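Chemist: For reference, the structure I am asking about is given below.
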Amino acid sequence: MTAMSLNPFTDIAPEVSQALDQGKPVVALESTIITHGMPYPANSRMAADVEAIIIEEGAVPATIAIVNGRLKIGLSAPEREALAQVTGAMKLSRADLAFALSEGRTGGTTVAATMLAAHLAGIRVFATGGIGGVHKGAEQSFDISADLEELGRTPVIVVSAGAKAILDIEKTLEVLETKGVPVVVHGSDVLPAFWSRQSPVKAPLRLDSAEAIARFQAARDAIGVVGGMLIANPIPEASEIPAQIMEGHIREAVARATKNGVTGKAVTPFLLAEMLDITKGESLKANIALVENNARLAARIAIALHGLR
Ligand code: PSU
Ligand code: MN
């Protein structure tokens, strides 16, 4: 079966389809970060920049989204721009991805939905900002991202700057461990905290190069371990906001969410928007820098994996 005829709901962009058919390195990109994670026009610029970085590194980018009921694996520049400006887009995860297809809706794919779609298309590496995880206060709210479940079952390498620092990082790690998801910190002994290079949490595993990460994945494949892998790639030093500064801001954002009764899917977008407000735009700048940094590493991993075949 060629990539073009995957299923009746999916459109694979020509460059992506060609790369997949020829076995060339492809990197998936998510789109909830475009529709819900950043305001326009920063979202549009970020989405274009990460694709350019992946191309510069020698891989093919595939931004994944649902547009009018079509599962798009790779967006054209005009499609990407339209998505960045669209209002009322859904935030799609495993539970409702197919709903958007059957109902002809438009939506951004979360880490969970992007992993699912990437795997469907045969893409093995995916870059994002930060994964969803266990929210602070989850012992009351039960708010645990479907991203963790997906990492446990779908064989895609997710390159992130760790779990978003608005989350309970320790509990997020515990759940990942339970689900058998390796958490590999790139080039550091401590887990990064999204906008900050350091959290108080020790790195479960550490690897210092894309090649080493590819070799680890190859070993998992060889012994038949199925499921995702999480790469935590610290934000570049020049762009980070130290954790001590962010701590108070995060507390404030979480307090605002509680005060406003924000629940469910709205929590993460609300917290990110409040952080942008509290930091006067600094959190957004750091967010863009870390996504770009992750796109670069993801491209190198995709190329290294390709070299092992
Ligand atoms: N990384 C970012 N910004 C984002 C996200 C990731 O820098 O907005 C998105 C991802 O799509 C992730 C989602 O899957 O946030 C998590 O949402 P939730 O906590 O509701 O599962
Ligand atoms: Mn949630």
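Chemist: Would a scan of the stretch 276-285 turn up a residue that is away from ligand 1 (no atom under 16 Å from the Cβ) and among the polar types (S, T, N, Q)?
Modeler: Checked the stretch 276-285: no residue is away from ligand 1 (no atom under 16 Å from the Cβ) and among the polar types (S, T, N, Q).
Chemist: Which ones in the stretch 221-239 are surrounded by fewer than 17 Cβ atoms within 10 Å (Cβ to Cβ) and more than 19 Å from residue 176 (Cβ to Cβ)?
Modeler: 221, 222, 223, 224, 236, 237, 238
Chemist: Considering every residue within the stretch 289-305, establish whether at least one is surrounded by 14 or more Cβ atoms within 10 Å (Cβ to Cβ), touching a Ser or Thr at 6+ places or on another chain (Cβ under 6 Å) and charged (D, E, K, R).
Modeler: no
Chemist: Out of all the residues in the stretch 180-204, which are surrounded by 15 or more Cβ atoms within 10 Å (Cβ to Cβ) and under 24 Å from residue 155 (Cβ atoms)?
Modeler: Passing the criteria: 181, 182, 183, 184, 185, 186, 191, 192, 203, 204.
Chemist: Which of the following residues is away from ligand 2 (no atom under 16 Å from the Cβ) and either without any contact (Cβ under 8 Å) to a residue 12 or more places away in the chain or crowded, with 24+ Cβ neighbours inside 10 Å (or both): 48, 62?
Modeler: Going through 48, 62 in turn, the sole match is 62.
Chemist: Residue 207 is checked against (1) buried (at least 17 other Cβ atoms within 10 Å of the Cβ); (2) more than 14 Å from ligand 1 (Cβ to nearest atom); (3) hydrophobic (A, V, I, L, M, F, W, C); (4) in contact (Cβ under 8 Å) with a residue 24 or more places away in the chain and fails just one. What number does that condition carry?
Modeler: (4)
Chemist: A further question on this structure: Say whether the condition of being within 14 Å of ligand 1 (Cβ to nearest atom) and basic (Lys, Arg) is met by at least one residue in the stretch 256-264.
Modeler: Scanning the stretch 256-264, I find no residue that is within 14 Å of ligand 1 (Cβ to nearest atom) and basic (Lys, Arg), so the answer is no.
No lab work stands behind these numbers, since they all come straight from the coordinates. Small disclaimer: the values here were computed from a predicted structure and weren't measured. Don't worry about glycine lacking a Cβ; one is built from the backbone with ideal geometry, like all the others, and counts go over all protein chains shown.
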